[in-house]
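Structure first, commentary second.
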Amino acid sequence: MAANNVSLCLGKESDVIVVGAGPAGLSLARALAPSGLSITVVEKQELATLAQPPFDGREIALTHYSKELMQQLDMWGKVRADEIYPLRDAKVINGYSNYQLHFEQPTMARGKPASSLGFLISNHNIRRAAYEAVQPFNNVSFIAGHSIVNVKNEAANRIEATLDNGQILSGKLLIAADSRFSNTRRQLGISAQIHDFGRTVIVFRMRHTLSNQHTALECFHYGRTLALLPLEENLTNCVITINNEHADEILAMSPAQLAADITRQLKGKLGDMHLVSTIHHYPLVGVHANAFYARRSALIGDVAVGMHPVTAHGFNLGLSGVSILAKLINEAVRKGRDIGSQSLLAQYQRQHMPHTRILYHGTNAMVSLFTNDSPPARMMRSLVLRLSNNLPPVKKLISKQLTG
Ligand SMILES: Cc1cc2nc3c(=O)[nH]c(=O)nc-3n(C[C@H](O)[C@H](O)[C@H](O)COP(=O)(O)OP(=O)(O)OC[C@H]3O[C@@H](n4cnc5c(N)ncnc54)[C@H](O)[C@@H]3O)c2cc1C
């Protein structure tokens, strides 16, 4: 860790203020860093946590496009090769039926030969890689262990942000990357559609005696869903989504009870199972901001669109937003233009939002159907899987979304 780019200062001017050093905020800081802009990243967690983020149970499915973006940002190579898990193919199951919608192993992705639908990398490894990727740049400084509590964007040329210790930061542009529950989005007066699914997602790793074949499995059982994300051949990340009122029953289970429960759900498909990680849980709340910018400010990552994880688009969309916005800002720097102009920020929204809206609403509609256990919905669920399996254009379209 370079110490010279860590500053705790009283009153600070920069070109860009980034609120939140999650994967999206750090990726944007890295994407802008070569332009020479002075960038201040504010993060409420301590610097030591950013440098060594703890395991948080999330395994992030990444598309081939996201891999390319992470390579460009010098993040991909910072994840150990044996901690990048190929996701060969994926199957979807409805209820207790044995019928499977199958997204086969591709031969091509983004015009190049490919042998996997995508890749899985643990969220903490992405965060660590993103933090390491900004370290060589002295124009990126961190204020860690403090939150932004207030934002003022009334002036024409500057935006101001106040920290919880009263310190005021000023910049030409402020980027909100402070999670789907963003306080900064609210401070900027940007409204959002917030959908509370009333469910909890519970994540943990299991080792098992039979191979997972590197195949992801999404089981839309009745009452709860179970997704299996293959890591090593005998190591799988399990993702349960369940109504909030039943989440505690799962969280109260002993490791042996949990292993027995998952084995039963899978009818022994992965053999004997045992828990090998801590268990983490997240509230299932989807968010789509109604605008991706305000005066001298823009939203990225989950602040702009916080997806239901079932279609694994969250950080993939975060990265594509980072790429779009960084290109526009870097171009403005090259041409000597204002990096916080309304026209630049409007262009970011025009290029990013059509895609996020479709995926956000499409995912929510799919979740509504596949968590509805009424008899007509069960029939519709089965029909949708069969149609998707048997209509090549539909299947191709979904596969393309998976590979990027
Ligand atoms: C169970 C689960 C599985 C997922 N699976 C996938 C997947 O397979 N594929 C995929 O693409 N995505 C997936 N996602 C989504 C992905 O994890 C998120 O899209 C991504 O982490 C969002 O990153 P972010 O940087 O926008 O926000 P966050 O990771 O939420 O980071 C926000 C940061 O801002 C900081 N912060 C907050 N408030 C302030 C403040 N006021 N001042 C300063 N700092 C602040 C926080 O401490 C935090 O570090 C999954 C999510 C979950 C929960």
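Structure above, values below:
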| item | result |
| --- | --- |
| Net charge of Cβ neighbours under 13 Å - reference Met70; Lys, Arg +1; Asp, Glu -1 | +2 |
| Most to least packed among 254-260, 310-316, 344-350 [average Cβ atoms within 10 Å] | 310-316, 344-350, 254-260 |
| Listed residue (Pro136, Val151, Leu69) projecting farthest to the positive dipole end of the stretch 67-152, Cβ model | Val151 |
| Positive-pole candidate from Val285, Ser320, Tyr96, dipole of the chain, charges at beta carbon | Ser320 |
| Net length gained if the chain between Ser211 and Asn234 were fully extended (0.36 nm per residue, minus Cα distance) | 7.7 nm |
| Rg to Rh, two decimals, where the stretch 101-154 supplies the alpha carbon set and Rh follows Kirkwood | 1.23 |
| Net charge of neighbours whose Cβ lies under 9 Å from the Cβ of Gly22, counting Lys and Arg as +1 and Asp and Glu as -1 | -2 |
| Rh by Kirkwood over Cα pairs, then Stokes-Einstein D for the stretch 36-107 at 1.567 mPa s and 4 °C, µm²/s | 79 µm²/s |
| Length gained when the stretch Ser374-Lys91 is fully extended (0.36 nm per residue, less Cα-Cα span) | 99.6 nm |
| Environment charge of Ala289, counting only residues whose C-beta is closer than 12 Å and scoring Lys/Arg +1, Asp/Glu -1 | +3 |
| Helix 123-134 axis, angle to the chain major axis (alpha carbon atoms, nearest 10°) | 30 degrees |
| Helical mean residue ellipticity (222 nm; -39500 (n - 2.57) per DSSP H run of 4+; nearest 500) of the chain | -10500 deg cm²/dmol |
| Within the stretch 101-193: Cβ-based charge dipole about Cα centre, in debye rounded to nearest 20 (Lys, Arg +1; Asp, Glu -1) | 160 debye |
| Those GluC sites (Glu not before Pro) in the stretch 104-171 that DSSP places in a loop and that have at most 10 other beta carbons within 10 Å | Glu154 |
| Inter-probe distance in nm under a simple model that places probes 7 Å from Cα toward Cβ, at Ser38 and Asp74 | 2.1 nm |
| Ordering of 207-217, 120-130 by burial proxy (mean other Cβ atoms within 10 Å per residue, highest first) | 120-130, 207-217 |
| Cα centroid of the stretch 52-125 to Cα centroid of the stretch 272-311, whole Å | 17 Å |
| Evaluated over the stretch 352-404, the Cα radius of gyration and Dmax, each in Å | 12.6, 38 |
| Ordering of 37-50, 57-70 by packing [mean C-beta count within 10 Å, highest first] | 57-70, 37-50 |
| Total charge dipole magnitude, the stretch 254-404, about the Cα centre, Cβ charges on Lys, Arg, Asp, Glu only, Debye to nearest 20 | 560 debye |
| Modelled FRET efficiency - R0 22 Å, Arg295 with Asp164, Cβ distances, 0.05 increments | 0.40 |
| Cα lying deepest toward the dipole's positive end in the stretch 17-97, options Thr40, Pro23, Phe55, charges on Cβ | Pro23 |
| Candidates Arg337, Arg185, Arg357: whichever shows maximal mean-square fluctuation once the chain is modelled as a Gaussian network with Cα springs under 10 Å | Arg337 |
| Convex hull of Cα atoms in the chain, direction-averaged projection (nm²) | 19.6 nm² |
| Radius ratio Rg over Rh of the stretch 147-301, counting only Cα atoms, Kirkwood formula for Rh | 1.16 |
| Coordinate range along principal axes, alpha carbons of the stretch 240-294, Å, largest first | 53, 23, 19 |
| Separation in nanometres of the label points that stand 7 Å from Cα toward Cβ, at Arg357 and Leu251 | 3.6 nm |
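Taken together, the values in this text are just the output of simple stated rules run on the coordinates, not laboratory data. These figures come from a predicted structure and were not determined experimentally. No Cβ is skipped: glycine too gets one built from the backbone with ideal geometry, and neighbour counts run over all protein chains shown.
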